[in-house]
Each structure stands twice: as C-alpha cells, then as structure tokens.
Amino acid sequence: MRRLALAALLAAAPALAQTTDPADTLAASFRVYTAAGEPAALPDLVHAMGKADVVFLGEQHDDAVAHALQLRLLEALSDHLDAGAQHGQVKELALSLEMFERDVQPVLDEYRAGLIRERDFLAAARPWGNYATDYRPLVEFAIENDLPVLAANAPGRYVNRVSRLGPDALDSLSADAQATLPPLPVAPASAALAAPFTALMEGMMGHAAPASAAPAHGSAPTMANLLAAQNLRDAAMGWTIAEHLRTHPEALVVHLNGSFHSEGGLGVPEHLERYRPGTRALVVTMRAAGTFPAFDPEAFRARAGDFLIVTAPRPGE
C-alpha cells in the first residue's frame with residue numbers, strides 16, 4: 001500500500017470551504033471542526049493527535065468517507081511521528097479496533113507475523129462484513145509498517161450473555177473465558193452515558209424496554225441489561241488500550257469504534273481513565289450530514305468530543 005506523504009495530505013486538506021482540487025474527491029467530502037464548533041484544518045487535527053496517548057476515531061460503520069479518511073489520518077500520523085523521532089520525540093504508533101474481539105488476538109498476531117495466510121486469518125478472526133473494503137486497508141498499513149494491531153472488543157457471546165442475564169452472569173464463566181474480558185466486576189456505566197443510551201435504544205426499538213428485573217425466558221432483555229452489555233464492550237476496549245499502554249508506555253494508540261462508544265468522552269474513554277488515570281485522550285467524532293457541505297456544528301457540538309469531522313452522505317441519502 002502506498003504511503004501518502006504528509007505534505008500531500010495537508011496540501012489537500014480543506015479548512016472552511018470546498019477544496020479547489022476537483023480530482024481529490026475525498027478532500028471535498030469532509031469538513032473538520034473544533035470542539036467549540038470552529039472550522040479547522042486537517043493539520044490542526046494531526047498535530048493534536050500527535051500529542052495524545054490515545055486517539056479515538058468514532059465512526060458510523062457505514063460511512064465510506066470516514067473509513068477512507070481514517071486511513072489517511074493513520075498514514076499522516078505515522079509520518080508526523082517519524083518526523084518527531086528525528087528530534088528525539090519517540091512515539092510508537094498502534095492500531096486498536098472495536099471490529100475484532102479480544103479472544104482472536106492470537107490469530108491477529110499470527111497473521112501480522114506472517115505465520116498464517118490471510119484466508120486462514122479471516123476464517124478464524126470473525127471479521128465484520130465490511131472488513132475488506134473499510135478496515136483491511138488500515139490493518140494492512142499497520143502490518144506493512146510493523147505497527148501493533150489490537151483486537152479490543154469483548155467477545156460477542158459474552159456480551160450477549162450479559163444482555164440476557166445481566167453482568168453477574170459473567171461470574172460463572174471459566175478463568176480462560178474471563179481472561180478475554182476486562183477485570184470483573186466491571187464498573188457500571190456512568191449516568192451521563194445511561195441517559196442517551198436509553199433514549200437511543202428506545203428510539204431503535206420503538207418502545208421502552210423494562211427498566212430492570214431479570215427477563216423471563218424468551219422475553220426481550222431489560223434496558224438495564226442492554227446498558228450493561230454496552231458497558232462491557234466499552235470496558236473491554238478501555239482495558240485493552242490501557243494494557244497496551246502499560247506494556248508500551250511510549251505508545252500512541254489510534255482506536256476505531258462506533259461513535260457512541262466515545263463521543264463526548266463517554267464510554268470507552270471513561271473506562272480508560274479508570275484503568276489508567278491521566279491518559280491523554282483525544283476524541284474525534286465522524287458524522288455524515290445530509291445537508292453537507294452546509295452544516296450547523298452546534299447540533300452536534302455537545303457530544304462531539306475534541307474534534308468533529310462532518311462527512312458527505314452516501315449517494316441517495
């Protein structure tokens with residue numbers, strides 16, 4: 001995969017208005033804003049990323065523009081850190097992904113080391129359906145540049161168990177199973193996260209789930225258990241990042257997750273702070289806007305994080 005030179009990336013980056021280069025369709029398809037809702041340039045974002053211990057890139061999983069931009073940012077940040085290393089500023093870049101679960105880390109490591117074929121890696125690692133188009137370029141860039149790749153999410157089978165039976169159901173798992181999870185018991189989700197999560201789930205389901213009490217056999221999970229399942233994912237990702245920083249204190253981790261897992265500094269960043277107090281985290285939220293390029297950042301500013309990237313919607317939206 002061709003490395004994109006940092007200078008070329010920054011030259012193509014828009015700040016306020018549309019790009020003057022019609023050939024660069026990606027540069028014409030996003031805008032960058034600060035937490036205050038002010039327009040920013042991509043160099044501002046790359047510079048801020050370079051100062052962090054962890055960068056959260058919160059996405060909508062079907063946003064093709066965001067996925068392409070994630071690769072550009074990873075390339076640019078790698079170049080930025082290489083330039084810093086020439087002046088004694090050593091940072092070890094790592095890629096962390098919600099899209100792989102913690103129990104497949106050995107398989108991911110084998111593939112990264114060249115011990116197994118890609119087809120065998122894909123057969124064993126349970127990649128998402130859009131892996132080939134949206135996440136493979138990032139993983140391959142990391143491998144080509146000898147960057148660690150972290151499988152950060154909690155195994156889905158245990159998340160499902162919590163959604164049905166509650167967080168205490170994890171206690172009956174074997175020691176080997178619990179080793180794929182963050183330390184138990186997991187701290188509960190914050191009230192700041194619980195309120196928007198409940199509103200989101202009720203909007204998706206079209207009705208309010210029961211607030212508590214264990215569900216009867218075959219009935220829908222309770223809202224409390226759904227929140228606990230979400231919280232387990234957040235904690236697993238926070239724990240994975242914290243553990244990597246513990247063993248690699250000079251690391252700069254770029255973590256990809258759905259925007260709800262990190263926007264406003266809630267979710268994964270909260271657990272990361274519990275596991276590793278004082279970690280310098282930068283939260284970037286990427287959102288498609290149907291009115292693009294017209295956009296009112298005030299509509300999203302409260303929960304965006306440190307930077308907001310607005311992308312053009314898919315054709316037909």
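The values are calculated or read from the model by the stated rules, or taken from the named source; none is laboratory data. What you see is a predicted model, and the numbers here were worked out from it, not measured in a lab. Glycine gets a Cβ as well: all are built from the backbone with ideal geometry, and neighbour counts include every protein chain shown.
Can you find a residue that is among the basic types (Lys, Arg), in contact with a Leu (Cβ under 9 Å, 6 or more places away or on another chain) and either modelled with pLDDT of 95 or more or surrounded by fewer than 17 Cβ atoms within 10 Å (Cβ to Cβ) (or both) anywhere in region 246-257? So that I can check it myself, show each step before the final result.
We begin by selecting, within region 246-257, every residue among the basic types (Lys, Arg); these are 246.
If we keep only those that are in contact with a Leu (Cβ under 9 Å, 6 or more places away or on another chain) too, we end up with none.
Taking every residue of region 246-257 in turn, none turns out to be among the basic types (Lys, Arg), in contact with a Leu (Cβ under 9 Å, 6 or more places away or on another chain) and either modelled with pLDDT of 95 or more or surrounded by fewer than 17 Cβ atoms within 10 Å (Cβ to Cβ) (or both).
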Does any residue in region 220-232 that is at negative phi and in a helix (DSSP H, G or I) come within less than 8 Å, Cβ to Cβ, of a residue that is aromatic (Phe, Trp, Tyr) and buried (at least 22 other Cβ atoms within 10 Å of the Cβ) six or more places away or on a different chain, and which pairs are these? Leu232/Tyr158
Residue check: is Thr279 under 16 Å from His67 (Cα atoms) and touching a residue at least 24 places away in the same chain (Cβ under 8 Å)? no
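Within region 158-182, track down each residue that is assigned to a loop (DSSP other than H, G, I, E, B), of a type outside the set (S, T, N, Q) and surrounded by 15 or more Cβ atoms within 10 Å (Cβ to Cβ). Talk me through it step by step, then tell me what you get.
If we filter region 158-182 for residues that are assigned to a loop (DSSP other than H, G, I, E, B), which is where we start, we get 166, 173-174, 179-182.
Keeping just the survivors that are of a type outside the set (S, T, N, Q) gives 166, 173, 179, 181-182.
Within region 158-182, Gly166, Leu173, Leu181, Pro182 qualify.
Scan region 109-140 for residues that are out of contact with any helix residue (DSSP H, G or I) (no Cβ under 6 Å at 6 or more places or on another chain), closer than 23 Å to Leu81 by Cβ and either among the acidic types (Asp, Glu) or crowded, with 18+ Cβ neighbours inside 10 Å (or both) and jot them down. Give the steps one after another, and end with the answer.
First, the residues of region 109-140 that are out of contact with any helix residue (DSSP H, G or I) (no Cβ under 6 Å at 6 or more places or on another chain): 109-110, 113-115, 117-120, 122-123, 126-133, 135-136, 139-140.
From the residues that got through so far, the ones that are closer than 23 Å to Leu81 by Cβ too are 109, 113, 135-136, 139-140.
Hits for region 109-140 are Asp109, Tyr135, Val139, Glu140.
Every residue, every condition in (1) part of a loop (DSSP other than H, G, I, E, B); (2) more than 18 Å from Arg102 (Cβ to Cβ), yes or no:
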residue: Pro249; (1), (2): yes, yes
residue: Leu256; (1), (2): no, no
residue: Phe260; (1), (2): no, yes
residue: His271; (1), (2): no, no
residue: Gly278; (1), (2): yes, yes
residue: Val283; (1), (2): no, yes
residue: Met286; (1), (2): no, yes
residue: Pro293; (1), (2): yes, yes
residue: Glu298; (1), (2): no, yes
For region 197-207, state whether one or more residues are at pLDDT below 95 and assigned to a loop (DSSP other than H, G, I, E, B). yes
